[in-house]
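What follows draws every value from the coordinates through simple rules; no lab data is involved. None of the values given here were measured: they were computed from a predicted structure. Quick reminder, even Gly has a Cβ in these numbers, built from the backbone with ideal geometry, and neighbours come from all protein chains shown.
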Amino acid sequence: MNIAVIGTGYVGLVSGTCFADSGNNVICVDIDKEKVNNLGEGNIPIYEPGLQAIFERSTSEGRLTFTTDLPKAVRQSEIIFLCLPTPPGADGQADLSAVIKVAGQLGELIKDYKIIVNKSTVPVGTADRVEEVIASKTEVDFDVVSNPEFLREGAAVDDFRKPERVVVGTSSGHAAEVMRTLYEPFVRSGNPIIVMDRRSSELTKYAANSMLATKITFMNEMANVCERVGANVDNVRRGIGTDSRIGKRFIFAGIGYGGSCFPKDVQAIHYTAKQNGYDFQILDSVMKVNEQQKVSIVAKMEDYYGTDDFSGKTFGIWGLSFKPETDDIREAPSLYIAEALVKRGARLLAYDPEAVETFQEATTDEVNENTIYVRSQQEALKNVDALVICTEWNEFRRPTIDQFQNHMKESVIFDGRNLFDLDRARKTNIKYISVGRPSINVD
Ligand code: NAD
């Protein structure tokens, strides 16, 4: 099939590359000329495991191309995917300006039947709006389909190629059939393509993300209770995770969720509910608790030092990305923690395997001026007063906890991701403070 993908960010690039890899001709469009030029020269602007290899294969075989020329892409494609940003606008409402703008352009450009598929995360009713905008500018027949994307950054290629389900929202039998054919190579193992009405499809994406954010937040609150009653949230997690009604995933306590999806999607569905006369109370709490959780580690540091003045102290930071295996720092707890520490007078030695550049661009001048970005996790330990762990990159698990003492000025670790075993920490002199677990070697 001939496919256009409009918006070549995380979702557009991964979707376009995977569709090309399964034998389709894909033309990816973006308004960012530099991005398009770089992609044309073979440079992928994001870090995503497994993407490079299939990108190279598809571009070298001519099935995957990049352009800023929207009319050309529309002309040569039967299916047009919208993978456009929908950032939070005022009041948490999703900003649909990119989607509506492109819908208007499509209305003027389409000259024969097209299937327009929205992959962006959008509020209920957006497909109807897109349809109206296009229909107001053309007499040509077309279908607008909702096809929310569930890929996770850091595992995006795998998720796209082996989705647990594909959700398709359409009332058109023809469009549903085309979507089935397109996705068939990705669901050979029997996972379902679930066809439903467009509104339910649009809502499904928000329901999934807000359910997951709620699960994480529930466990973070349970961790806060554990700290107050002398219990260990890891044990509680093991105790409940084996219950198949609860499940083992998304119940790890930590310093809150971040990223480009959960925070904005929880806000957006909360807003939609409010606009429709419903107060989605549980999500109100989820948002409040997550804000507090992101900086809860700073409160623990204040408790430990007995002051909120960290002047003269240097802290090592391990992990800047919002989660492992990505360079994405959008809404990452590290942004809030670094800012809070620097505001309290601290200097930082920060290390991340992939996200240093994106962090430097996103953080404040004050943080950049007070941070040295180092090239290894060991360097981030040199002469520091304490180490603060913000992201659970696998390589951070590798050093055994007792190796830290050789490098640090004071052997103190504030671990926002519960990387280390408490029994092992007990056998050292390291003061180890984590989330929802007893502090070790601290009076
Ligand atoms: P992104 O910001 O990484 O990429 C969006 C791209 O669209 C950018 O390259 C931008 O230059 C381009 N763009 C903006 N306006 C344009 C226009 N008028 N014409 C052409 N290109 C334009 O965003 P993303 O992370 O890929 O997310 C896209 C959508 O998918 C969002 O709605 C998001 O919520 C959703 N989503 C994201 C993820 C994820 O993990 N990132 C997962 C599932 C769903």
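Given Cα positions, please report Rg to Rh for the stretch 2-196, the hydrodynamic radius being the Kirkwood one. For the stretch 2-196, the value is 0.94. Computed from backbone phi with θ = phi - 60° and the Karplus coefficients 6.51, -1.76 and 1.60, the 3J(HN,Hα) list for the stretch 385-394 is 6, 6, 9, 10, 9, 10, 9, 8, 4, 4 Hz; x is used for glycine and proline. Protection proxy ranking of 94-104, 171-181, by the mean of other Cβ atoms within 10 Å over each peptide's residues and highest first, is 94-104, 171-181. Let me check I've understood the local charge: for residue 8, count other residues with C-beta under 9 angstrom from its C-beta, Lys and Arg +1, Asp and Glu -1. What total comes out? Cβ neighbours under 9 Å give a net charge of -1. In the chain, a dipole from Cβ-located charges (positive for Lys and Arg, negative for Asp and Glu) runs towards its positive end, and of 52, 229, 326 it is 229 whose Cα lies farthest in that direction. Normalising the average separation of contacting C-alpha pairs (under 8 angstrom, six or more residues apart) by the number of residues puts the relative contact order of the stretch 206-291 at 38 percent.
Under 5 Å between amide hydrogens, built in the peptide plane, is the criterion, and for residue 66 it picks out 28 among residues at least 5 positions away or on other chains. In order along the stretch 146-153, phi translates into HN-Hα couplings of 9, 9, x, 9, 10, 4, 10, 4 Hz, rounded to whole numbers, per the Karplus curve 6.51 cos²θ - 1.76 cosθ + 1.60 with θ = phi - 60° and x for Gly and Pro. The distance between label points at residue 365 and residue 273 comes to 4.1 nm (points 7 Å beyond Cα on the Cα→Cβ vector). Amide H to amide H, with H built 1.01 Å from N, residue 167 comes under 5 Å of 194, counting only residues 5 or more places away or on other chains.
Report relative contact order for the chain in percent, whole number only (criteria: Cα-Cα under 8 Å, sequence separation at least 6).
Averaging sequence separation for qualifying contacts and normalising by length gives 11 percent for the chain.
Potential lengthening of the chain between residue 52 and residue 442 amounts to 135.8 nm, from the contour at 0.36 nm per residue minus the alpha-carbon distance.
Taking 11 Å as the cut-off, the amide N atoms of the stretch 69-91 that come nearer than this to a point 7 Å along the Cα-to-beta-carbon line of residue 31 belong to 85.
Helix 10-21 and the long axis of the chain differ in direction by around 60°, with both axes built from C-alpha atoms. Measure nothing fancy, just the Cα-based angle from helix 281-294's long axis to the longest principal axis of the chain, in degrees from 0 to 90, nearest 10. It is inclined by approximately 50 degrees.
Please give the length that would be gained between residue 357 and residue 397 if that part of the chain were fully extended, namely 0.36 nm times their separation in residues minus their C-alpha to C-alpha distance (nm, one decimal). Don't skip to the end; give the middle numbers.
Values: separation 40, 0.36 × 40 = 14.40 nm, distance 2.28 nm.
Extending this stretch completely gives an extra 12.1 nm.
Between the amide H of residue 94 and those of 89, distances stay under 5 Å, these residues lying 5 or more places away or on another chain, with hydrogens modeled in the peptide plane. Legend: translational diffusion of the stretch 206-291 by Stokes-Einstein, Rh = Kirkwood radius over C-alpha pairs, 37 °C, 0.692 mPa s; D = 241 µm²/s. If you take the square roots of the eigenvalues of the alpha-carbon gyration tensor of the stretch 150-202 and sort them as a ≥ b ≥ c, do you get rounded (a/c under 1.5), prolate (a/b over b/c) or oblate? Oblate.
Rounded, prolate or oblate: which fits the stretch 315-443 when a ≥ b ≥ c are the square roots of the eigenvalues of the alpha-carbon gyration tensor, with rounded for a/c under 1.5 and prolate only if a/b beats b/c? Mind showing how you got there, number by number?
Working: a/c = 1.76, a/b = 1.53, b/c = 1.15.
Since a/c reaches 1.5 and a/b is larger than b/c, the shape of the stretch 315-443 is classed as prolate.
In the calculated pair-distance distribution of the chain, the portion above 29 angstrom amounts to 51 percent of the Cα-Cα pairs. The C-alpha atoms of the chain define a longest principal axis, and helix 97-109 lies at about 20 degrees to it.
Only helical runs count toward this figure. For the chain, summing -39,500 (n - 2.57) over DSSP H runs of n ≥ 4 and dividing by all residues gives -12500 deg cm²/dmol at 222 nm. For the modelled label position 7 Å from the Cα of residue 235 along Cα-to-Cβ, which residues of the stretch 415-443 have backbone nitrogen atoms closer than 11 Å? Those under the cut-off are 438. Near residue 309: Cβ cut-off under 14 Å, other residues only, Lys/Arg at +1 and Asp/Glu at -1. The net charge is 0.
Cross-linked pairs 162/288; 248/427; 119/294; 119/264: Cα-Cα separations exceed 24 Å for 162/288; 248/427; 119/294. For the pair the stretch 4-76 / the stretch 357-425, the C-alpha centres are spaced 36 Å from each other. When only alpha carbons of the stretch 247-305 are considered, Rg and Dmax amount to 14.3, 47 Å. Every pair of different Cα atoms in the stretch 120-181 enters the Kirkwood calculation, which places the hydrodynamic radius at 13.4 Å. Charge tally around residue 187: other residues with Cβ under 12 Å, Lys/Arg +1 each, Asp/Glu -1 each, net +3. Please report the base-10 log of the normalised intensity I(q)/I(0) for the stretch 31-94, using a Debye sum with one equal scatterer per alpha carbon and no solvent, at each q in 0.16, 0.17, 0.23 (1/Å). Taking Cα atoms of the stretch 31-94 as identical point scatterers yields -0.72, -0.79, -1.14.
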